[in-house]
Amino acid sequence: MKLLSYVVLLLSISFSAVAEESEPAKVWLERLSVSLNKLNFSTSFVVVKNNQAQPYHWFHGVDDNGKELEILSLLNGPRRDILRKGDVVSYIEPELPPYSVSSQKISGPIPSILSGDISQLETSYDFISVGRSRILGRPAQLIRIEAKNAHRHAYWLWLDQHSSMLLKMSIVTKQGQPLEHIQFTHLDITDKPSESVLQLHETELPVLVDIPEEYQQQQLQWNVNWLPVGFKQINSNRHKISLTKQPVEFMLFSDGLVDVSIYVNASEEKQRNADFAKDGATLVLNQVNEGIEVSVVGKIPSNTAKKIADSITIKPPKVP
Amino acid sequence: MSESKFETVSSCVDNFQHNEHTFDEIINDEHLSTTWDRYHLIGDVLRNDTPDILQLDLSQEIAKAIADEPTVLAPKTNNVFVLKLKAKVVEFAKPFGQLAIAASAAGLMVLGVQSNVSQNNETILPSQIVKTIPMAGIAEPVSLNFQQPDVASQKQAFIEQQRRFHALLSDHKQQIKLGSLTVNANKVDEQSEINSLDTNKANESNK
């Protein structure tokens, strides 16, 4: 009798595996989104970039009231923790005093869109189911999020065949050269939320910062005339860069998966050629043209960044 | 005698000659017949044709054959000639090599002197301004009055640029954290700037 039940179990597993393989990539990504929102998991992963590995712990749970609790902490170096209780996300970082923002997404190494509505990526990306391999000792399905044009990088995701959880992620250039990896090293899925996330109930989160809407939507005296199709403006403001105290005018664009920041400020220098720096997949471009310093930051290829920077024009002052 | 020896040797080596005369000679000459035997044994060993029992004996035979070989195949006189030749080559090559080193050193000295001379020329004409095309693409004046950016200030500029990159990166991350709240609140209002973008799709999907 026991043997029979094993056989039935094996059959059902292999049957479901066959069924899963024929499913389109979008279904896989939708299942990943559900898993990231609904499952109680505690997991570890490393971000591998610039020949360095940064280890993280990530806990997620849903309490009895259906509230999502989440902890993401960097394990090396100074403490960097992100705590989330439902709609409040708190950032604890060495650069700033702890603060909270009202949001449902934590902003960490894993793109927050993966736990959101994946269909908003469809204008700019294709979802391709590629094949199976073994990741973290589990059978995994490789799903590629490929950009429709050459202005963006591709994201490759390896998802657990059983839980649809993320097991590995790579950011790859259009030519297939890997830039950054996230490799999960441990994954525990439990029925009940773990002790560590339930402790969040007792934790008092830092004060919520209130950013007036007008601040994030200021009129600036310049235009960005070219961006890859699919990028939308998230905000535009004037602020000081915290490390250099340099006042800048700033715009943030996003296509859902990739964020691109554009900084414009007056410079003491008259002219300086474009200089690039790379942090894994994140590119920083800095150039000075006719006394105007322009910087572009984001996970985009250098050609795209250069094209964006060159497309910026200063609005002529209004005639009174 | 030596000619017939060569014949036998070659016949043994390529296993081709079936001349009665050579066979007779080999049989009559004890030395040749043993050599012939050995060569066949060696051939058998190489082809793995030898029976197992023979193997111990065979090693001795091969050792003997190898010991005998130089007298047949490589006369000693030849070796001596090669050695002499080698010695002469070394003798000739040594002075040539030293001469080459000396010549290149002299060349370097000449170059050094020339560059010194050219530097001296510049001091003769202090007001001279030479236009050069630097890497940055903008022509910079070069003269005694003009202060060339030295290594230290270049290093300073490099550090400054690295600092700028670092600041931009951390600010980018910071702004994403703050920016995500407006997205979720669905308060994103298209600004006039965005309308100039070449994307109609972006507008549609946002509405």
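Here is a list: A:K85, A:K49. Which entry is at pLDDT below 95, in contact with a Gly (Cβ under 9 Å, 6 or more places away or on another chain), charged (D, E, K, R) and farther than 16 Å from A:L159 by Cβ?
A:K49
A:G137 - would you say it is open to solvent by 50 Å² or more (accessible area, probe 1.4 Å) and assigned by TED's automatic domain parsing to the domain that holds A:S164?
Judged against the criteria, A:G137 is a match.
Out of A:S33, A:S42, report the one residue that is within 18 Å of the chain's Cα centre (by Cα), touching a residue at least 60 places away in the same chain (Cβ under 8 Å) and more than 13 Å from chain B (Cβ to nearest Cβ). Outline the logic, then answer.
Numbers: A:S42 fails: within 18 Å of the chain's Cα centre (by Cα).
Selected residue: A:S33, the only one of A:S33, A:S42 that is within 18 Å of the chain's Cα centre (by Cα), touching a residue at least 60 places away in the same chain (Cβ under 8 Å) and more than 13 Å from chain B (Cβ to nearest Cβ).
Of these, A:Y91, A:Y56, A:Y99, which one is of a type in the set (F, W, Y), within 13 Å of chain B (Cβ to nearest Cβ) and crowded, with 20+ Cβ neighbours inside 10 Å?
A:Y91
Could you list, in sequence order, all residues of the stretch A:109-134 that are over 25 Å from A:D279 (Cβ atoms), in contact (Cβ under 8 Å) with a residue 24 or more places away in the chain and open to solvent by less than 30 Å² (accessible area, probe 1.4 Å)?
Residue satisfying the conditions is A:I118 alone.
Just to verify a result, which residue in the stretch A:217-230, among those that are open to solvent by less than 40 Å² (accessible area, probe 1.4 Å), at the interface with chain B (Cβ under 7 Å from one of its Cβ atoms) and not polar (S, T, N, Q), is farthest from A:N149 (Cα to Cα)?
Checking each candidate, the answer is A:V224.
With the stretch A:263-320 as the region, which strands (runs of 3 or more DSSP E) entirely inside it contain at least 2 residues that are of a type outside the set (A, V, I, L, M)?
It comes to A:272-279, A:282-289, A:292-298.
From the list A:K245, A:K174, pick out the single residue that is under 18 Å from A:V130 (Cβ atoms), open to solvent by 60 Å² or more (accessible area, probe 1.4 Å) and of a type in the set (D, E, K, R). Explain how you work it out, then say what you get.
On the way: A:K245 fails: under 18 Å from A:V130 (Cβ atoms).
From the options A:K245, A:K174, the qualifying one is A:K174.
Filter the stretch A:246-281 down to the residues that are among the charged types (D, E, K, R), more than 9 Å from chain B (Cβ to nearest Cβ) and either closer than 30 Å to A:V48 by Cβ or in contact with a helix residue (DSSP H, G or I) (Cβ under 9 Å, 6 or more places away or on another chain) (or both) and list them by number.
Of everything in the stretch A:246-281, just one residue is among the charged types (D, E, K, R), more than 9 Å from chain B (Cβ to nearest Cβ) and either closer than 30 Å to A:V48 by Cβ or in contact with a helix residue (DSSP H, G or I) (Cβ under 9 Å, 6 or more places away or on another chain) (or both), namely A:K278.
Can you tell me which residue among A:L283, A:L243 is assigned by TED's automatic domain parsing to the domain that holds A:Q217, in contact with a Phe, Trp or Tyr (Cβ under 7 Å, 6 or more places away or on another chain) and hydrophobic (A, V, I, L, M, F, W, C)?
On the way: A:L243 fails: in contact with a Phe, Trp or Tyr (Cβ under 7 Å, 6 or more places away or on another chain).
Selected residue: A:L283, the only one of A:L283, A:L243 that is assigned by TED's automatic domain parsing to the domain that holds A:Q217, in contact with a Phe, Trp or Tyr (Cβ under 7 Å, 6 or more places away or on another chain) and hydrophobic (A, V, I, L, M, F, W, C).
With the requirement that a residue be facing another protein chain (nearest Cβ under 7 Å) and under 25 Å from B:R164 (Cα atoms), what does the stretch A:201-216 give you?
The one that is facing another protein chain (nearest Cβ under 7 Å) and under 25 Å from B:R164 (Cα atoms): A:Q216.
Could you look through the stretch A:231-242, keep only residues that are touching a residue at least 24 places away in the same chain (Cβ under 8 Å) and closer than 27 Å to A:N303 by Cα, and pick out the one that is nearest to the other protein chains (Cβ to nearest Cβ)?
A:I234
Quick one: A:Q219 ticks every box in (1) over 22 Å from A:Y155 (Cα atoms); (2) within 24 Å of the chain's Cα centre (by Cα) bar one, so which box is it?
(2)
For the stretch A:63-116: of the residues being in contact with an Asp or Glu (Cβ under 6 Å, 6 or more places away or on another chain) and among the charged types (D, E, K, R), which is nearest to A:A53 (Cα to Cα)?
Per the stated criteria, the residue is A:R80.
Does the stretch A:260-300 hold any residues that are among the acidic types (D, E), closer than 22 Å to A:R238 by Cα and open to solvent by less than 40 Å² (accessible area, probe 1.4 Å), and which are they?
A:E293
The values are calculated or read from the model by the stated rules, or taken from the named source; none is laboratory data. Everything quoted here is computed from the prediction, not taken from an experiment. Counting neighbours? That spans all protein chains shown, and the Cβs are built from the backbone with ideal geometry, glycine included. Side chains included, ligands, DNA and RNA excluded: accessible areas come from the protein's heavy atoms. Shrake-Rupley method; radii C 1.70, N 1.55, O 1.52, S 1.80 Å.
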